[in-house]
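Have a look at the structure below, then the notes.
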Amino acid sequence: GHMPVIHEAMTFAEFLQQHEAKRRLVMAICRGERQNWATWIPLDGAATLLIGPEGDFNDQEWQLACQHGAEAVSLGDHRLRTETAGLLAVAQYAGKFSVS
């Protein structure tokens, strides 16, 4: 394990402008067409997963993210709280790359 890097707070638009183009951008959303995160995770692990606020991302945020190449994923059949959604995503990510 290693310590995560914590950056200064910024607006959603600022984050999207600073996002590294070499990393795929995915948004965990609760509506519409989306792929399952656990099976979607890229083999090289180079992805940035955005987990929105309670109530999901709004239409303006989704459209802005799409302009920056975002893809939609689902974390499962249940709506999760923001703080638990991140933990689930990390656990699924770690499970895909763990060596048995």
Taking the Cα centre as origin and putting +1 on Lys and Arg beta-carbons and -1 on Asp and Glu beta-carbons, what dipole magnitude results for the chain, to the nearest 20 debye? 320 debye
If amide H atoms are modeled at 1.01 Å from N in the peptide plane, then the residues at a separation of 5 or more from Ala70, or on another chain, having amide H under 5 Å from its own are none
Of all the C-alpha pairs in the chain, what % are more than 16 Å from each other? 58 percent
Rounded to 0.05, the calculated FRET efficiency for the beta carbons of Leu64 and Thr84 at R₀ = 30 Å is 0.75
Ignoring ligands, DNA and RNA, what percent of the 1.4 Å accessible area of region 31-100 is carbon and sulfur? 53 percent
Could you pull out which residues in region 63-90 have an amide N less than 20 Å from a spot 7 Å beyond the Cα of Met10, following the Cα-Cβ vector? 63-71
Which of Leu75, Leu16, Leu43 ends up with the largest GNM mean-square fluctuation for the chain, with Cα atoms connected below 10 Å? Leu43
Kindly provide the helix-only [θ] at 222 nm of the chain, computed as the sum of -39,500 (n - 2.57) over DSSP H runs of four or more divided by all residues, to the nearest 500 deg cm²/dmol? -10000 deg cm²/dmol
Only Cα pairs under 8 Å and at least 6 apart count here; give the relative contact order of region 1-93 as a rounded whole percent. 37 percent
Per residue solvent-accessible surface (Å²) - the chain, probe of 1.4 Å: 72 Å²
Picking from Pro42, Val5, Cys66, whose Cα lies most toward the positive end of the charge dipole for the chain (charges on Cβ: Lys, Arg +1; Asp, Glu -1)? Pro42
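The values are calculated or read from the model by the stated rules, or taken from the named source; none is laboratory data. Because the structure is a prediction, the values reported are computed rather than measured. Don't worry about glycine lacking a Cβ; one is built from the backbone with ideal geometry, like all the others, and counts go over all protein chains shown. Each accessible area value is taken on the protein alone, full model and side chains, heavy atoms only, with ligands, DNA and RNA left out. Shrake-Rupley method; radii C 1.70, N 1.55, O 1.52, S 1.80 Å.
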